[in-house]
Every structure is written in structure tokens, then in C-alpha cells.
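Student: Provided herewith is a single structure, encoded as C-alpha cells, for subsequent inquiry.
The values are calculated or read from the model by the stated rules, or taken from the named source; none is laboratory data. Nothing here was measured: the structure is a model prediction, and the numbers come from that model. With ideal geometry, Cβ positions are generated from the backbone for all residues, glycine too; neighbour counts draw on all protein chains shown. We work out accessible area using only protein heavy atoms, side chains counted, and drop any ligands, DNA or RNA first. Shrake-Rupley method; radii C 1.70, N 1.55, O 1.52, S 1.80 Å.
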Amino acid sequence: TAMFTKILVPVDLPDSNRAAIEVASQLAAREDGSVTLLHVIEAIADTEFEDMKDFYQRLEDKARKAMVDLAAPLTVTGRTVDQQITYGNRARQIVSYADEHGTDLIVLSSRQLDPEKPEKIWISISHQVAVLARCPVLLVK
């Protein structure tokens with residue numbers, strides 16, 4: 001049976017996700033699966049969304065252009081690549097998106113963190129997602 005047919009790759013901008021996207025592409029190819037790129041625009045606390053609409057729209061337009069570039073290597077291989085943008089807390093949005101869309105695997109980039117500063121590890125999005133997600137999570141270094 002196919003294991004990982006719906007793969008979610010959270011992406012940030014500027015791009016530090018190429019390795020994660022490459023791994024997701026290879027895994028999807030094995031299972032004839034699909035890859036979804038998800039970019040979460042962090043909502044600014046204590047402000048009304050409507051008040052910041054133009055600002056958010058500029059961020060979204062920039063993100064859409066960047067995601068087309070990120071998806072390009074996958075689309076040439078004939079992979080299905082969905083590109084989604086959501087708003088809110090990044091870790092929570094990634095986890096809830098995965099839940100709502102039946103994601104089999106989340107693949108995301110993980111920066112090397114200083115083992116002498118364990119308090120910094122929990123702040124990383126990748127660690128929060130790894131702990132909170134209900135599906136398997138693959139951290140790509």
C-alpha cells in the first residue's frame with residue numbers, strides 16, 4: 001500500500017526550502033503522490049485584518065510569485081503541485097492544514113540549532129510542527 005501520497009511542504013520566503021522540496025518530490029514520485037507547498041503569512045497581533053488588507057495583499061502577491069518558482073522543478077517532472085497561502089500562526093496553520101487535508105507526511109526544512117540553548121529549540125517552527133502534527137514529519141537538514 002502507498003504510504004505517502006499527500007505530502008505537505010511548508011515554505012518560507014526567502015527560500016530555504018529547496019532540500020525539503022527535493023525530498024518531497026522524490027517521495028511523491030515513488031508513490032505517484034502529490035505535493036502541496038504551503039506558505040503561511042504570519043498575522044500581526046492586535047490589528048484588524050481589514051486595516052492591514054493592502055499590506056497583506058502585497059505579501060500574498062509576492063508569495064504567489066515566489067511559490068511558482070519553488071514549484072517549477074516539480075512541475076517539470078509532471079508532479080502535481082498545489083500552492084496554498086494561509087494566514088495566522090505558522091505552526092498552528094501548518095498543523096491544522098495537514099489535519100484538514102488528510103496529509104500523509106509533512107516535509108520541512110530544519111535549521112541547525114545550538115544544543116547549548118535548548119530553550120531556542122521550541123521556538124523553531126519545525127520543532128513545533130514535529131511535536132504537534134498528527135501525521136509523520138520529516139525534518140530535512
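Student: Hey, Lys117 hits all of (1) within 19 Å of Asp12 (Cβ to Cβ); (2) surrounded by fewer than 19 Cβ atoms within 10 Å (Cβ to Cβ) but one; which does it fall short on?
Tutor: Among (1) within 19 Å of Asp12 (Cβ to Cβ); (2) surrounded by fewer than 19 Cβ atoms within 10 Å (Cβ to Cβ), Lys117 violates only (1).
Student: On to the next question. Quick check on Ala20: is it under 13 Å from the mean Cα position of the chain (by Cα) and of a type in the set (Gly, Ala, Ser)?
Tutor: yes
Student: Among what's in region 24-52 and is open to solvent by less than 50 Å² (accessible area, probe 1.4 Å) and in a loop (DSSP other than H, G, I, E, B), pick the residue that is farthest from Thr75 (Cα to Cα).
Tutor: Taking the candidates together, the pick is Ala43.
Student: Quick one: would you say Gln84 is in contact (Cβ under 8 Å) with a residue 40 or more places away in the chain, at negative phi and either aromatic (Phe, Trp, Tyr) or open to solvent by 40 Å² or more (accessible area, probe 1.4 Å) (or both)?
Tutor: Judged against the criteria, Gln84 is a match.
Student: Quick one: what pairs do we get from region 47-73, first residue small (Gly, Ala, Ser), second loosely packed, with under 12 Cβ neighbours inside 10 Å, C-beta under 7 Å, 6+ apart or different chains?
Tutor: none
Student: Tell me, which residue of region 5-15 that is surrounded by 12 or more Cβ atoms within 10 Å (Cβ to Cβ) and assigned to a loop (DSSP other than H, G, I, E, B) is modelled with the lowest pLDDT?
Tutor: Selected residue: Asp15.
Student: On to the next question. Against the condition under 12 Å from the mean Cα position of the chain (by Cα), open to solvent by 60 Å² or more (accessible area, probe 1.4 Å), of a type in the set (A, V, I, L, M) and closer than 12 Å to Leu8 by Cβ, how does Leu108 come out, does it pass?
Tutor: no
Student: Do we find that Leu59 is open to solvent by 50 Å² or more (accessible area, probe 1.4 Å), in contact with a helix residue (DSSP H, G or I) (Cβ under 9 Å, 6 or more places away or on another chain) and either over 22 Å from Val35 (Cβ atoms) or modelled with pLDDT of 95 or more (or both) in this structure?
Tutor: Answer is no for this residue.
Student: Here's another thing I want to ask about it. Quick one: how many residues across region 54-79 are in contact with a Ser or Thr (Cβ under 6 Å, 6 or more places away or on another chain) and farther than 16 Å from Ala20 by Cα?
Tutor: Residues meeting the conditions: 0.
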